[in-house]
Amino acid sequence: MAIADLIGTTIVAGILILMTIALTGSVSESTTQQMLDVTTQQALTTIKGMIEYDFHKMGFEADPGTAITSMGTDNITFWAGIDTNADNVVDGVNTIAYQLSDTSQASSTPNPDDRVLYRTVGAATPVAVALGVTNFALEYYDASGNVTASPADVKTIKVNLTVQSTIPYDSTYSEAAWEKRISPRNL
């Protein structure tokens, strides 16, 4: 009976070791996925904060009806009075532009769908706000809530933003999305 007990104990110990290894692997996968999710959500939060700040300043200190100089489904340029040197004082009126690149601009990442969202202030070089943006869509509405193509008639802008992780986990990219209608006071 001692050999049977020894064999039984060995089998039970082996099963416990395999269960521990499987649990450790599962926890590791879950942790990695959670880390990618949090990183993606943080990127989205950073971008949306910048967009909300800039869009709410749209038209501030600009001539009425001239705030938006160009607009498209994935780009916009507008006048706004903003603080450009972080001293909490508006430095005057500058143009601010947002432009979504094509996928070739983000070819250094494994994600085939991600792009770069650029922000330009005045005549400065465009700055990459974020990598991993897969959608930056803008819709423009007039005072009656109808879609408009006239920059002078825009009163509300609907922003649709989607960010994905630049690297996959198990061939899946983490994703976070945000949609908001912004009605700048100065339009």
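Filtering region 132-145 to residues that are in contact with a Ser or Thr (Cβ under 6 Å, 6 or more places away or on another chain) and free of Cβ contacts under 8 Å to residues at least 60 places away in the same chain leaves THR134, ASN135, TYR141, ASP142. Whether any residue in region 107-116 is in contact (Cβ under 8 Å) with a residue 60 or more places away in the chain, assigned to a strand (DSSP E or B) and under 26 Å from GLN42 (Cβ atoms) is what I want to check. The answer is no; no qualifying residue exists. Does ASP170 satisfy the criteria of being in contact with a helix residue (DSSP H, G or I) (Cβ under 6 Å, 6 or more places away or on another chain) and farther than 17 Å from GLN42 by Cα? For ASP170, the condition - in contact with a helix residue (DSSP H, G or I) (Cβ under 6 Å, 6 or more places away or on another chain) and farther than 17 Å from GLN42 by Cα - is not met.
Can you find a residue that is closer than 16 Å to GLU52 by Cα, hydroxyl-bearing (Ser, Thr, Tyr) and assigned to a loop (DSSP other than H, G, I, E, B) anywhere in region 123-145? The answer is no, given that none of the residues of region 123-145 is closer than 16 Å to GLU52 by Cα, hydroxyl-bearing (Ser, Thr, Tyr) and assigned to a loop (DSSP other than H, G, I, E, B).
Just one residue in the set THR46, THR69 is exposed (fewer than 15 other Cβ atoms within 10 Å of the Cβ) and outside any helix (DSSP H, G or I); that residue is THR69.
Selection of region 146-171 for residues being part of a strand (DSSP E or B) and either without any contact (Cβ under 8 Å) to a residue 12 or more places away in the chain or of a type in the set (Asp, Glu) (or both) yields only VAL147.
Condition check ((1) at pLDDT 90 or above; (2) surrounded by fewer than 13 Cβ atoms within 10 Å (Cβ to Cβ); (3) under 30 Å from SER30 (Cα atoms); (4) touching a strand residue (DSSP E or B) at 6+ places or on another chain (Cβ under 9 Å)) across all residues:
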residue: SER107; (1), (2), (3), (4): no, yes, yes, no
residue: LEU117; (1), (2), (3), (4): yes, no, yes, yes
residue: ALA137; (1), (2), (3), (4): yes, no, no, yes
residue: GLY145; (1), (2), (3), (4): yes, yes, no, yes
residue: PRO151; (1), (2), (3), (4): yes, no, no, yes
residue: LYS155; (1), (2), (3), (4): yes, no, no, yes
residue: THR162; (1), (2), (3), (4): yes, no, yes, yes
residue: THR166; (1), (2), (3), (4): no, no, yes, yes
residue: PRO184; (1), (2), (3), (4): yes, no, no, yes
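Restricting region 148-179 to residues that are more than 16 Å from ASN75 (Cα to Cα) and of a type in the set (Val, Ile, Thr), the residue that is farthest from the chain's Cα centre (by Cα) is THR172. When region 128-182 is filtered for residues that are more than 15 Å from LEU100 (Cβ to Cβ) and polar (S, T, N, Q), the ones remaining, listed by number, are SER144, ASN146, THR148, SER150, THR156, SER165, THR166, SER171, THR172, SER174. The condition of being surrounded by 12 or more Cβ atoms within 10 Å (Cβ to Cβ), closer than 17 Å to ARG185 by Cα, acidic (Asp, Glu) and modelled with pLDDT of 90 or more does not hold for ASP74.
The values are calculated or read from the model by the stated rules, or taken from the named source; none is laboratory data. Nothing here was measured: the structure is a model prediction, and the numbers come from that model. Every residue, glycine as well, gets a Cβ built from its backbone with ideal geometry; the counts of neighbours run over all protein chains shown.
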